[in-house]
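> Take a look at the following structure, please.
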Amino acid sequence: MTYEVTFLPEGRKVSVRPGMTVLGAARQARIGIRSRCGGKAGCLMCKVDVASGGGTAGDGLSPAGLLEKRKLAGLDSSRTRLACQAKVTGNAVISVPEDPLKAAVRRQLEKAEQDEDDLGW
């Protein structure tokens, strides 16, 4: 049995076996999710958003464990999960935040383009 995990905003889909982490599924789908701790919930870099809730029946992921809940304390834990800890238990839709460095470069490029438009170039 396999489940389908869809990664947004790319819309890339991958079929995985139950129990695989979202981080593992992302790697299989060639989706970049930053991680530095080796999947031990230590770095908090692999935060993702679950499209239909987090760890509830019907969202396709295992409920958040105690370690993950502690690490995500103060965040909207109904949607935010650690990709290294959340395990696939059904079809799931995961939204991957834009890498901060890529976001900064994109904003600079957009600003430069807007400045050119303002000058009429």
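> Where residues in the stretch 32-78 are among the aliphatic types (A, V, I, L, M), under 16 Å from THR6 (Cα atoms) and modelled with pLDDT of 85 or more, which of them is nearest to the chain's Cα centre (by Cα)?
Within the stretch 32-78, the match that is nearest to the chain's Cα centre (by Cα) is VAL48.
> Another one. Do you know which of the residues in the stretch 93-107 that are at pLDDT 85 or above and either in a helix (DSSP H, G or I) or touching a Phe, Trp or Tyr at 6+ places or on another chain (Cβ under 7 Å) (or both) is surrounded by the fewest Cβ atoms within 10 Å (Cβ to Cβ)?
VAL96
> A further question follows. Just give me the residues in the stretch 63-92 being surrounded by fewer than 19 Cβ atoms within 10 Å (Cβ to Cβ) and assigned to a loop (DSSP other than H, G, I, E, B), in sequence order.
PRO63, GLY65, ALA73, GLY74, LEU75, ASP76, SER77, SER78, ARG79, THR89, GLY90, ASN91
> Oh, and also: Could you list, in sequence order, all residues of the stretch 1-42 that are of a type in the set (A, V, I, L, M), in contact (Cβ under 8 Å) with a residue 24 or more places away in the chain and not in a helix (DSSP H, G or I)?
VAL5, LEU8, VAL16, MET20, ALA29, ILE31, ILE33, ALA41
> For the stretch 1-33, which positions are closer than 15 Å to SER95 by Cα and either in contact with a helix residue (DSSP H, G or I) (Cβ under 6 Å, 6 or more places away or on another chain) or among the charged types (D, E, K, R) (or both)?
GLU4, VAL5, GLU10, ARG12, LYS13, VAL14, ARG27, ARG30, ILE33
The values are calculated or read from the model by the stated rules, or taken from the named source; none is laboratory data. Owing to the predicted nature of the structure, the values given are computational and were not obtained by experimental measurement. Every residue, glycine as well, gets a Cβ built from its backbone with ideal geometry; the counts of neighbours run over all protein chains shown.
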